[in-house]
Amino acid sequence: MHPHKEPGSGKRYFGRGGVKIALLRLLAEEPMHGYQIMKTLEEQSGGLYIPSAGSIYPTLQALEEKDFVSVREDDGSKKVYSITEQGRSALSLLPERPKRDEDGKLPPEVEAYRFEKMRRKLGLSNESFDLLRLVTRAEQEASASKELSSKLQSLLSQQQQQINTLLDAYAQQATGAIEETE
């Protein structure tokens, strides 16, 4: 699978030059080594983008060649990448990222855009995506309580069984229709 593509979507996660910008923004926060950069990008995308060494290291090398990034050896085994002043200048020319409020939330219109983009990349209906978000939120809140976690797991198991029953009935119906035409 291509490192910039969503599983099954055929679309890139980042637009043209997006990986370079993402790397510069990360390194503007703090110096990092390559693996740390890859894990942070994956976390920030909620798992939608899983960077590979084959996409990140050549991009870091290109940024180093443009003097946007510098590299130093850390304990002789890992390369640590830092943004340079030239890299900061290039980054300052880009439009600002939306500001988060005191709770860490983006403005509603930015959130709506992000969610719609994720929904489309995953190929889900509005209802399915809303359910996915609700289950995610419920699991996060349930992680603090064994009782709530147990109730949630029971509810999810019931829903999973109902969906499987629905799919089995559809498969039997389809098989019956095929047999009638033979």
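The values are calculated or read from the model by the stated rules, or taken from the named source; none is laboratory data. Computed from a predicted model, the values in this text were never measured in an experiment. Cβ sites come from the backbone with ideal geometry, for glycine too, and all protein chains shown count toward neighbours. We work out accessible area using only protein heavy atoms, side chains counted, and drop any ligands, DNA or RNA first. Shrake-Rupley method; radii C 1.70, N 1.55, O 1.52, S 1.80 Å.
Structure notes:
- Between the C-alpha center of region 51-124 and that of region 130-182 there is a gap of 36 Å.
- The heavy atoms of Leu132 offer some 80 square angstrom of accessible surface to a 1.4 angstrom probe.
- Sulfur and carbon atoms: percent of accessible area, the chain [1.4 Å]: 52
- Cα long-axis angle, helix 108-122 against the chain (0 to 90 degrees, to the nearest 10): 70
- In this calculation the C-beta distance from Arg72 to Leu155 is compared with R0 = 45 Å, giving a FRET efficiency of 0.30.
- Förster radius 30 Å - calculated FRET efficiency between Glu127 and Ser52, Cβ distance, rounded to 0.05: 0.35
- Degrees, to the nearest 10: 18-29 long Cα axis against longest axis of the chain: 60
- Backbone N under 20 Å from the Ala174 label point (7 Å along Cα→Cβ), restricted to region 126-140: 128
- Among the trypsin sites (Lys or Arg not before Pro) found in region 54-155, those both in a DSSP coil and sparsely packed, with 11 or fewer other Cβ atoms within 10 Å of their Cβ, are Lys99, Arg100, Lys105.
- Dipole of the chain [Lys/Arg +1, Asp/Glu -1 at C-beta], most positive-end residue of Tyr49, Gln173, Gly34: Gly34
- Cα-based shape type of region 54-147, given that a ≥ b ≥ c are square roots of the gyration tensor eigenvalues and the cut on a/c is 1.5: prolate
- Option label - mean projected area of the Cα convex hull in nm² computed here, alternatives [x] 16.3; [y] 9.9; [z] 12.5: [x]
- For the chain, the solvent-accessible area with a 1.4 angstrom probe is 72 square angstrom per residue.
- Global geometry of region 121-182, whether rounded, prolate or oblate, following the gyration tensor of its Cα atoms and the 1.5 cut on a/c: oblate
- Around Pro108: net Lys/Arg minus Asp/Glu count, Cβ-Cβ under 11 Å: -1
- For Met32, the residues whose modelled amide H falls within less than 5 Å of its own, excluding neighbours fewer than 5 places apart on the same chain, are Tyr81.
- Net charge dipole size for the chain [Lys, Arg +1 and Asp, Glu -1 on Cβ; Debye, nearest 20]: 560
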